[in-house]
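Data first, discussion second: the structure below is written as structure tokens.
The values are calculated or read from the model by the stated rules, or taken from the named source; none is laboratory data. In this text the structure is predicted, and so the values were computed from the model without any measurement. Virtual Cβ from ideal backbone geometry, glycine too; neighbours counted across all protein chains shown. The protein model used for the area step is the full one, side chains on, heavy atoms only, and it has no ligands, DNA or RNA in it. Shrake-Rupley method; radii C 1.70, N 1.55, O 1.52, S 1.80 Å.
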Amino acid sequence: MSMEEPGTQPATFRATFIRELRARREQTGLTQREFAEKAHVSLSSVKQYEAGKKKPARKFATWCDELYGCPGTFQRLYDGMIAESHPSWFGPRVLLEDKATFIHEWEMRGIPGLLQTRSYASAVIRACRPYDPEEELEREAVARIDRQNILMRDDPPRLWVILGEGLLRQTVGGVRVMREQIGHLLSVAESQGVVIQVLPFSVSDAPGVDGPAALFEFDDSPPAAYLEGWGSGRIIKEPKGVAAIATAINMIKGCALSPIDSAQLMTRIRSEL
């Protein structure tokens, strides 16, 4: 039975995480400064965590479970907080991103969310949803860009993305938006820990026509894969299925241009816009 008052909305995982974090600290008599020193984070970060203005890292949630002797409590709330900003079919994918140490992705429909600019993300989200409220579209765009915070962590996952040439030539949002987007890809491709390849039109009998796919590797658990369709997603953990997708992604990498040649092609496409 729900304990919510009539007419109220159930608490979100984010609100519950924040409330639990503050309550546990106060229950143990710790000031925010003392808590920050124990957690080896800044006082400013603790204040932002408790105000809901900043999302902590997963290892912080694990540390809270250890500190307060409540195994799994903060980790479960953290997982819920990560997933709840996204459609129910997509939330499990976001959790894989957050836990992964290595992400391999093949995409030929549009720029993957982890590499989208804010303008490109808004254009993609609005493209097929002319009747949705503006605030809903805005929330989804913000949530999509927020996923990219994993790439700015102290221990970001390594990212290897293969893009079909066609998605670079599709002017999503117009020329200005697309020039900015390709410029962002070129900038990210220079980052340590990120590899971007392009599968060109010139490749005959190229693999990957079955659709986009992603493979996630972890430090402490077997790899998992993700396949996506129109408004649907599927997580694959069965070893044989994961191995098949890993093989397909490796074949696509082998057919794609080298990272240097891919950057040159992206630069040329951008100059042609």
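How many times 2.2 N^0.38 Å is the alpha carbon radius of gyration of region 142-273?
Dividing the Cα Rg of region 142-273 by 2.2 N^0.38 Å gives 1.12.
State, as an integer percentage, the relative contact order of the chain based on alpha-carbon contacts under 8 Å between residues 6 or more apart.
18
For every helix of n ≥ 4 consecutive DSSP H residues, a contribution of -39,500 (n - 2.57) applies; sum these over the chain, divide by its total residues, and give [θ] at 222 nm rounded to the nearest 500 deg cm²/dmol.
Mean residue ellipticity at 222 nm (helix-derived): -15500 deg cm²/dmol.
Which residue, Pro222, Cys255, Ile235, has the largest displacement toward the positive end of the dipole of the chain when charges sit on each Cβ (Lys, Arg +1; Asp, Glu -1)?
Selected residue: Cys255.
Just the accessible area per residue of the chain, please: how many Å² with a 1.4 Å probe?
Details: 14900 Å² over 273 residues.
Value returned for the chain: 55 Å² of accessible area per residue.
Using modelled amide H (1.01 Å from N, peptide plane; none on Pro or chain starts), what sits under 5 Å from the amide H of Ile236, excluding residues fewer than 5 places away?
Those lying under 5 Å, H to H, from Ile236 are Ala225, Tyr226, Leu227.
Considering only protein heavy atoms and a probe of 1.4 Å, how much of the accessible area of the chain is carbon and sulfur, as a whole percent? Write out the running numbers ahead of the final one.
Values: 7980 of 14900 Å².
Carbon plus sulfur share of accessible area: 54 percent.
Round to a whole angstrom and tell me the spacing of the C-alpha centers of region 70-106 and region 166-206.
After rounding, the separation between the Cα centres reads 26 Å.
Any idea what the dipole of region 68-227 comes to, in debye rounded to 20, about its Cα centre with Lys/Arg Cβ at +1 and Asp/Glu Cβ at -1?
That gives a dipole near 380 debye.
What base-10 log of the normalised intensity I(q)/I(0) is obtained for region 51-112 from the Debye formula, alpha carbons as equal point scatterers, at q = 0.16, 0.18, 0.25 Å⁻¹?
-0.63, -0.76, -1.14
Which three numbers, in whole Å and largest first, are the semi-axes of the equivalent ellipsoid of region 68-183 derived from its Cα gyration tensor as √(5λ)?
Result for region 68-183: semi-axes of 28, 19, 11 Å.
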